[in-house]
1. Hey, what did region 124-212 get for relative contact order, percent, Cα under 8 Å, at least 6 apart?
2. Test of the criteria: in region 110-218, which chymotrypsin sites (Phe, Trp or Tyr not before Pro) are in a DSSP loop and have at most 14 other Cβ atoms within 10 angstrom of their Cβ?
3. Going toward the positive end of the dipole of region 39-130, with +1 on Lys and Arg Cβ and -1 on Asp and Glu Cβ, which of A62, P101, A117 do you reach last?
4. Going toward the positive end of the dipole of region 152-264, with +1 on Lys and Arg Cβ and -1 on Asp and Glu Cβ, which of G220, S238, A192 do you reach last?
5. What is the antiparallel percent of DSSP beta bridges lying wholly in the chain, to the nearest 5?
6. Would you mind calculating the relative contact order of region 1-103 from Cα pairs under 8 angstrom and at least 6 residues apart, reporting the percent as a whole number?
7. Given just the C-alpha atoms of the chain, how large is their convex hull per residue in cubic angstrom?
8. Quick check: the distance between the Cα centres of region 78-99 and region 22-67, to the nearest angstrom?
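Any read-out appearing in this document is the output of simple, stated calculations on the displayed coordinates, not a laboratory observation. Just so it is clear, the structure is predicted and the values come from calculations on it, not from any experiment. Virtual Cβ from ideal backbone geometry, glycine too; neighbours counted across all protein chains shown.
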Amino acid sequence: MSAPQSAIMNIMLRTAAKAARSLVRDFNEVENLQVSTKGPGDFVSAADKRAEEIIFSELKKARPDYSFLMEESGIVEGKNTEYRWLIDPLDGTTNFLHGLPHWAISIALEHKGEVIAGLIHDPVKDEIFHAEKGNGAFMRRRRLRVSGRQDLMLATIATGAPRRSAESRAQFMKEYSAIIAVSPGLRRFGAAALDLAYVAAGRYEGFWERNLKPWDVAAGLIIVKEAGGFISDLDNPSHNPVETGNVLAANDRLFEPMSKILKAA
Ligand code: IPD
Ligand code: CA
Ligand code: CA
């Protein structure tokens, strides 16, 4: 089955491709800057902002009335507040900064607070994951499905570690210990949007992380759901993980077991 290319998805694909060209050019420069004592920090934040400006201006041109929530520029309210773009121009900044080829652009569209379309573009690996509500998830034209593995011992599970408070690090260590005790194949790759895309693609069986932002989660949420996976808030299934930032995503078989282990940690 091939991907239904709606007008909105075409806009998202085109926009991400344009921002990707700019980011790839900048990524090729980053390597040269590693040797300087200052490092590539300022250069990367400029690259990040440049990519966001491209995304903002392309989406604004295509849908002038829609609202925005962007990592760098924050909220830009449009005439139409029912539709809102959620944008992370560069997810995996630390990887990008270190010349590690694992980062992505993440764009989602919400309607009345519900994510209806999502796209995650990894230009280095030339992989694009996307989904629209009710239409399935795709990697370009190939249908995505979560994995069928049921055995946590054989699973690969991804996570991300908090940088902030000692308290959140302590909580993370408890959860990490609880999961690794039953599932030794843990991964920590540093780009939450790609972690979610990989759950959808059946590469990981599960992913959990706390303290994420709406732009880290929104696109991945619909891609996981449309690939047949489960995704929810880590603590309370009636909360929206896009808002709380505390996320558990997994294939349909391992979602409950993972949820139990994490809650008991
Ligand atoms: C970060 C990445 C990372 C996650 C952090 C995010 P950024 O986003 O997704 O994997 O652990 O919590 O903030 O800063 O690279 O866009
Ligand atoms: Ca991010
Ligand atoms: Ca970012």
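1. Result for region 124-212 is 36 percent.
2. Sites meeting the loop and neighbour criteria: none at all.
3. It is A62, whose Cα lies furthest towards the positive end.
4. Final value for the positive-end residue is A192.
5. Of the beta bridges lying entirely in the chain, close to 80 percent run antiparallel.
6. Numbers: 113 pairs, mean separation 25.9, N = 103.
Here the relative contact order equals 25 percent.
7. For the chain, the hull spanned by Cα atoms encloses 125 Å³ per residue.
8. When both Cα centres are located, 11 Å separates them.
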